[in-house]
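Presented below is the structure to which this report refers.
The values are calculated or read from the model by the stated rules, or taken from the named source; none is laboratory data. Keep in mind it's a predicted model, so treat the numbers as computed, not measured. Cβ sites come from the backbone with ideal geometry, for glycine too, and all protein chains shown count toward neighbours. For accessibility, only protein heavy atoms count, side chains too; no ligands or nucleic acids. Shrake-Rupley method; radii C 1.70, N 1.55, O 1.52, S 1.80 Å.
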Amino acid sequence: MLNKRSLIFFPTLNEANNVVPLITELNKLYTNSDFLVIDDESLDDTVLNLKKLELDNLEIVVRREEFGIGSAHKYAIKYALHNKYEILITMDSDGTHRPVDIAVILKKISTFDLVVGSRFMGDSAILNWSRTRIFLTKAGHSVTKYGLGIPYDCSSGMRGYNLSRNNFKEVLNTKGNGFDFFYKSLFDFYKNNPDKIGEVPLTLLPRASGDSKLTYKLAFISIFKLILDILKFRIAKIIRLN
């Protein structure tokens with residue numbers, strides 16, 4: 001899939017110290033790819049540092065208010081489809097996702113429509129995260145796995161979309177614009193395409209610098225909303241069966 005027309009996307013919000021080394025490494029590893037950054041009006045030098053790179057294969061979109069990480073991912077899919085890309089790779093901009101793992105997704109995506117980078121496969125690893133963050137991550141995975149019946153890493157932001165095989169209408173129509181986008185979009189896609197999802201192991205690094213946008217408060221709120229969504233799903237399923 002390395003010869004396919006590909007786009008690598010990541011959202012930014014106050015990632016001034018992380019974007020330059022990330023883009024620089026990506027550009028060395030994937031010389032045939034284009035890059036898309038969607039910035040939700042960072043208050044630091046994120047956009048300025050990106051523009052200083054002066055890369056012809058880098059598109060920067062600045063939204064004048066914070067619309068949410070989920071809406072940024074949906075924007076990226078629409079952008080990729082509109083501009084006739086065949087492959088879209090999404091990843092975080094804080095340094096936790098390794099650029100080298102994109103190659104693993106590219107190898108898998110030839111036989112699947114959607115490939116999810118997982119922190120919970122046998123070869124996966126989470127390096128130097130706090131115990132609290134690891135607990136919240138595993139708790140969210142357990143809830144989606146047993147509550148929604150989805151075996152994949154539903155909160156992972158590193159994904160590969162095979163746009164030559166699917167237009168991902170379920171993902172674009174997902175009612176989630178924040179962090180809830182990740183599990184809601186995967187659930188909506190999985191319902192109609194259970195055999196079109198692949199998974200690859202990831203090695204997660206600690207954030208390169210700065211503070212995580214997913215605070216403990218937001219994490220607990222996300223898990224609470226997830227539980228509510230599961231209850232709604234279960235009730236609707238019972239009603240349909242009756």
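Observations on the structure shown:
- Qualifying residues in the range 161-198 (those that are basic (Lys, Arg) and in contact (Cβ under 8 Å) with a residue 24 or more places away in the chain) - the one nearest to Val104 (Cα to Cα): Lys196
- The set of residues in the range 142-165 that are open to solvent by less than 30 Å² (accessible area, probe 1.4 Å) and outside any loop (DSSP other than H, G, I, E, B) comprises Thr144, Gly147, Leu148, Arg159, Gly160, Tyr161, Asn162.
- Counting only helices (runs of 4 or more DSSP H) that sit completely within the range 1-120, those holding 3 or more residues that are closer than 24 Å to Asn193 by Cβ and open to solvent by less than 30 Å² (accessible area, probe 1.4 Å) correspond to 69-82, 101-108.
- Filtered by the rule that a residue be under 17 Å from Lys217 (Cβ atoms) and of a type in the set (Phe, Trp, Tyr), the range 122-145 gives a lone residue, Phe135.
- Looking at Lys196, Lys169, just one residue is over 23 Å from Ile102 (Cα atoms), more than 13 Å from the chain's Cα centre (by Cα) and of a type outside the set (Ser, Thr, Tyr), and that residue is Lys169.
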